[in-house]
Structures are given as C-alpha cells and as structure tokens.
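Chemist: I am attaching a structure below and will ask some questions about it afterwards.
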Amino acid sequence: MKYELRENHGIPAPLLALMAVATGLSVANCYYNQPLLGSMAKDFGVSDFSASMVATLTQIGYVVGLVFVIPLGDLVSRKQLILTNYIISSCALLAIAISPDIYWVWGASLLAGASSVMPQFFIPLVSYHSAPAHKVRNVGIIQSCLLIGILGSRVFSGFLADVWGWRSVYFVACAFMLGCFLMIYKMLPVLSARSQETYAGLMKSLLRLLSQYPYLRIASLRAALAYASFFALWSCLAFRMKQEPFFASDDIIGALGLCGLAGASTVVFISGYIQKYGARFFSIVGGCVVLAAWFLAFWGNASYVWMIVAILLIDAGMQCIHLSNQTSVVALDASAINRVNTVYMTIYFLGGSAGTFVSGLFWQHYGWAGVVGVGVAFTVASLFVNCFQPRLHKDECSIF
C-alpha cells in the first residue's frame with residue numbers, strides 16, 4: 001500500500017522502516033569493496049594502489065550523483081528518481097560481478113557510486129515530513145541504518161567473499177537493489193517537485209546556498225576533513241591486515257566492521273543531545289576521539305586488540321561529527337532542503353575521496369606510518385575549522 005505524506009504530520013512506521021532498510025542496503029554498495037581490495041589486486045594481478053582506486057572511484061561516483069542527481073529532487077518526482085537509481089545501481093553491481101579486468105571494475109564502480117545516492121533523498125524527506133517532536137529521532141534512525149549499511153557491508157562482503165569469492169558479493173548486492181525497487185514502488189507515495197526553477201537554475205543555486213550560509217561552509221568542511229581521516233583508515237586497513245603479523249583472510253577483515261558497528265551505535269546516544277549541546281560541541285569531541293584512535297592505530301598496529309579499540313573510537317568519533325553537522329545543516333532552509341543536503345554531502349564525500357586517494361599514495365610509499373600521518377593531519381585540520389564558527393542568533397545556538 002502507498003502512504004500519504006504531509007509536512008510535519010509524521011511518517012507511518014512501516015514507511016520509515018522501509019526507508020531505513022533501503023538506506024542501509026543502498027549505501028552499502030559504496031563500501032562492499034573495502035575488505036575485498038586485497039583479493040581484487042591478487043585476482044587481477046595489479047598493485048595495491050590500483051585496487052585502492054576502486055574505492056576512490058566509487059566515492060567520486062557518489063559525489064557525481066550528489067551534485068547532478070540529488071538536486072533533481074526539487075525539480076521532478078523524487079519517487080521516479082529513486083526507482084531509476086535502483087535500476088541503474090543493479091546494472092552497475094552486476095557489471096562489477098562479471099568484470100574481466102580492473103578497468104571494468106573502475107568504470108562500473110564509478111556508476112555504482114553515482115547511482116547509490118538514494119539515502120540522500122530519504123534523509124531530507126524524513127526530516128521534512130516527520131512531526132516536529134520526532135524529527136531528530138527519525139533522522140537519527142535513518143542515519144543509524146546508513147551507518148549500519150556502511151559498516152555492516154564490510155562484514156557481509158568479507159564473509160561472503162571468503163566462502164564464494166569476491167564476485168558473489170556483487171551478485172547478491174544486485175538482488176538487494178531489485179528488492180528495494182519493488183518495495184519502494186509499492187509503498188512510497190508520489191512526491192511532487194516543489195521548485196519551479198530550471199535544472200540549470202538549480203545547479204547555480206547550489207553555489208548560491210554555499211555563499212548564502214556561512215554555517216553551511218563550516219559544517220561541511222569540518223565534516224569532510226573528518227571523513228577523509230575516517231576513510232584513510234578503512235581504505236588501507238585491508239592492506240595492513242594482509243601483512244604480518246595478521247595475514248588475515250577476507251572474512252576476518254570484514255569482521256572488523258562489527259567493531260565499527262559498535263562504534264557507530266554512538267548515533268543512538270547522541271541524537272537526543274544535539275539540540276542541547278550543538279554541532280560544534282560534538283564536532284570537537286568527535287575530532288578528539290578520532291585523533292586518539294589514530295595514535296592507538298599507530299602504537300598498537302601489530303595487535304588485534306589495539307586495532308579493534310582504534311576502530312571503535314574512530315567510528316564513534318566520526319558519527320558524532322557527521323550526525324550533528326548534517327542534522328544542523330538540513331534545518332537551515334526548508335524550501336531548499338534537498339539542495340542544502342546536496343552541498344553538505346558533496347563536500348563530505350569529496351573529503352572521503354581525498355582521504356582514500358591520499359592514504360593510498362602514502363601507503364604505497366610509506367606504509368602504515370604514512371597512513372597514520374594522513375589520518376592525523378586530516379583530523380587536526382577538521383578540529384582547526386571549529387575556530388571559525390560564524391556568529392549565530394541566540395535561538396540558533398541550540399542546534400548549530
């Protein structure tokens with residue numbers, strides 16, 4: 001059955017649950033590859049850096065989708081856009097599964113990333129239609145499932161690859177996307193456009209919004225730099241765990257995602273406090289936690305125990321930063337909520353792409369110590385951005 005949605009009138013529980021599950025499964029497309037990079041390098045006979053480009057190109061693809069697809073949500077039917085993206089992502093994942101060489105994987109990964117932006121339709125939709133008293137809670141639910149998708153995908157892909165090979169992960173992921181397509185088609189109502197602008201006007205408005213809201217620039221930049229640090233760890237962790245003293249298999253590497261899930265549970269605890277303490281507070285706390293994680297990752301890089309603690313901390317810190325900043329920016333302008341979220345998420349994922357690329361280079365030349373240096377540098381930069389918080393009205397300070 002299809003449900004009716006109206007601004008601030010609440011979202012039916014079954015529809016909220018569907019969007020939460022679809023969010024996790026959709027975003028997982030961008031992260032299945034992380035435990036598999038070592039196996040891909042071996043299978044195609046390429047360097048670790050060439051394999052790491054799979055993760056980089058997936059993130060770049062996601063940015064492309066954010067910039068050129070998400071703004072269309074203010075111009076045409078969001079339901080039609082979401083359904084179209086599910087079909088494209090299914091085809092891209094199937095292409096990865098049958099790829100004959102690494103170059104094929106690169107191209108299909110770029111397309112898979114670009115077509116996996118559905119969560120960025122769901123998050124503003126939930127924020128816009130939820131009852132005022134439940135907005136932060138409902139966005140927190142979607143955000144929690146997004147994190148479960150990101151981190152759980154590593155566990156899933158690692159175990160599945162160890163049993164049936166890395167290609168099997170993408171066959172199953174393709175089936176997940178087709179299932180989401182069917183459920184969204186049946187349950188999501190038609191969501192009409194709210195803007196009368198042309199597509200070119202919408203694209204120009206992204207820069208206008210970035211110029212209009214200084215806080216949007218600050219929140220996006222500090223979150224992006226933290227995400228670069230976060231991705232420096234996860235994009236090179238598989239390579240480190242393949243070395244001595246670990247010599248870990250794909251399933252063990254993927255299982256480390258369970259540690260990330262525990263760290264990501266921070267979302268549940270902080271979502272109720274964002275309005276009280278503000279995004280800047282959680283950005284500083286989260287940055288300090290991430291910084292501590294990197295020191296542990298360097299000091300204890302030959303120990304499973306300390307590496308697990310570092311993963312727990314870096315995921316917890318990252319979620320403090322991301323949830324607080326995204327929740328605050330989508331409250332800036334209700335009339336352009338998709339585009340505000342697009343600006344934020346574009347800068348955010350550009351940070352992730354930069355972290356993946358730079359850490360891959362430093363891994364190639366300096367090993368794990370180089371990766372740690374990259375992570376620390378991005379984290380310190382994120383903390384430094386907090387010094388430039390713009391002045392806000394008294395009634396804004398509770399969330400910003």
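The values are calculated or read from the model by the stated rules, or taken from the named source; none is laboratory data. Bear in mind the structure is a predicted one, so any value in this text is a computation, not a measurement. Here the Cβ is made from the backbone with ideal geometry for all residues, glycine too, and neighbour counts use every protein chain on show.
Chemist: With the condition kept exactly as written, say whether any residue in the stretch 200-209 is over 30 Å from LEU72 (Cβ atoms), at pLDDT below 90, among the aliphatic types (A, V, I, L, M) and surrounded by fewer than 22 Cβ atoms within 10 Å (Cβ to Cβ).
Modeler: No, the conditions are met nowhere in the stretch 200-209.
Chemist: Of the residues ILE123, ILE87, ILE96, which single one is surrounded by fewer than 21 Cβ atoms within 10 Å (Cβ to Cβ) and in contact (Cβ under 8 Å) with a residue 40 or more places away in the chain?
Modeler: Going through ILE123, ILE87, ILE96 in turn, the sole match is ILE87.
Chemist: So ALA293 fits all but one of (1) touching an Asp or Glu at 6+ places or on another chain (Cβ under 9 Å); (2) surrounded by fewer than 24 Cβ atoms within 10 Å (Cβ to Cβ); what number is the exception?
Modeler: Of (1) touching an Asp or Glu at 6+ places or on another chain (Cβ under 9 Å); (2) surrounded by fewer than 24 Cβ atoms within 10 Å (Cβ to Cβ), only one is false for ALA293: (2).
Chemist: Pick from the stretch 160-193 the residues that are buried (at least 16 other Cβ atoms within 10 Å of the Cβ) and not in a helix (DSSP H, G or I): which of them is modelled with the highest pLDDT?
Modeler: Looking at residues that are buried (at least 16 other Cβ atoms within 10 Å of the Cβ) and not in a helix (DSSP H, G or I), I get LEU188.
Chemist: Let me ask another. crowded, with 20+ Cβ neighbours inside 10 Å and more than 20 Å from the chain's Cα centre (by Cα): which single residue out of ALA112, ALA41 fits that description?
Modeler: Every option except ALA41 fails the conditions.
Chemist: Of these, LEU66, LEU57, LEU72, which one is at pLDDT below 90, touching a Ser or Thr at 6+ places or on another chain (Cβ under 7 Å) and of a type in the set (A, V, I, L, M)?
Modeler: Exactly one of LEU66, LEU57, LEU72 is at pLDDT below 90, touching a Ser or Thr at 6+ places or on another chain (Cβ under 7 Å) and of a type in the set (A, V, I, L, M), namely LEU66.
Chemist: Please state which one of SER127, SER157, SER153 is among the small types (Gly, Ala, Ser), part of a helix (DSSP H, G or I) and closer than 19 Å to SER353 by Cβ.
Modeler: SER153
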